Each structure stands twice: as structure tokens, then as C-alpha cells.
Amino acid sequence: MPDRSSDAIERVAVVATLRPGSRERATQILAEGPPYELAAAGFRRHSVFLAELAVVFVFEGSGVEGLVRDLVDDPARSAAFSAWGP
């Protein structure tokens with residue numbers, strides 16, 4: 001039987017708290033789509049769940065923890081996250 005351990009899909013969830021009244025703006029940001037190419041970044045899948053006071057980003061792929069860390073540590077790609085600041 002072939003070794004499929006390298007094909008394992010892992011998940012990382014990033015949860016952010018929204019300020020009261022900012023859900024509409026969060027919806028607009030999400031409608032624009034990801035600020036980077038998911039496949040090029042190594043992710044197999046990416047999901048977002050929006051609640052009234054929180055947004056949850058779920059990243060999936062092989063070695064996903066390192067992929068998320070690389071994304072956050074890259075000044076060019078992580079600059080797009082500033083839209084979430086306000």
C-alpha cells in the first residue's frame with residue numbers, strides 16, 4: 001500500500017473579533033475575494049465563516065501551519081490584511 005502521509009490535509013482556523021457594527025464592511029471585504037492566489041500560496045482550500053462579531057478563516061492543505069505562517073510573515077502579501085484593521 002502506498003504511503004499517503006504526505007497527502008494528509010490539515011486545517012488551521014484563524015478567528016478574528018469584529019467591532020460592533022462592522023459586519024457589513026466585513027461582508028464587502030469578503031466579497032472581493034482573497035488578496036492572493038490560494039493555489040500559488042500552497043493552500044488546497046480556504047473557507048470563511050462570518051458571524052455578527054467574528055470572522056473565521058479556515059485554511060486547508062498539506063503543511064498548512066507553515067503555509068499560514070509564510071503568508072503572515074510575507075510583507076507584500078500580508079499588507080492586504082490591513083483592510084481588516086478598521
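Points worth noting:
- Residues with amide H under 5 Å from that of Ser62, placed H, sequence gap 5 or more: Glu10, Arg44
- Surface exposure of the chain, expressed per residue as accessible area with a 1.4 Å probe, stands at 69 Å².
- Surface composition of the chain: carbon and sulfur atoms hold 54% of the protein heavy-atom accessible area at a 1.4 Å probe.
- Over all pairs of different C-alpha atoms in the chain, the reciprocal of the mean inverse distance, the Kirkwood hydrodynamic radius, equals 14.1 Å.
- The length gained by stretching the chain between Arg23 and Phe81 to full extension, at 0.36 nm per residue less their Cα-Cα distance, is 19.3 nm.
- As a length-normalised measure over Cα pairs under 8 Å and 6 or more apart, the relative contact order of the chain settles at 37 percent.
The values are calculated or read from the model by the stated rules, or taken from the named source; none is laboratory data. Source: prediction; values computed, not measured. The accessibility values were calculated without ligands, DNA or RNA, using every heavy atom of the protein model including side chains. Shrake-Rupley method; radii C 1.70, N 1.55, O 1.52, S 1.80 Å.
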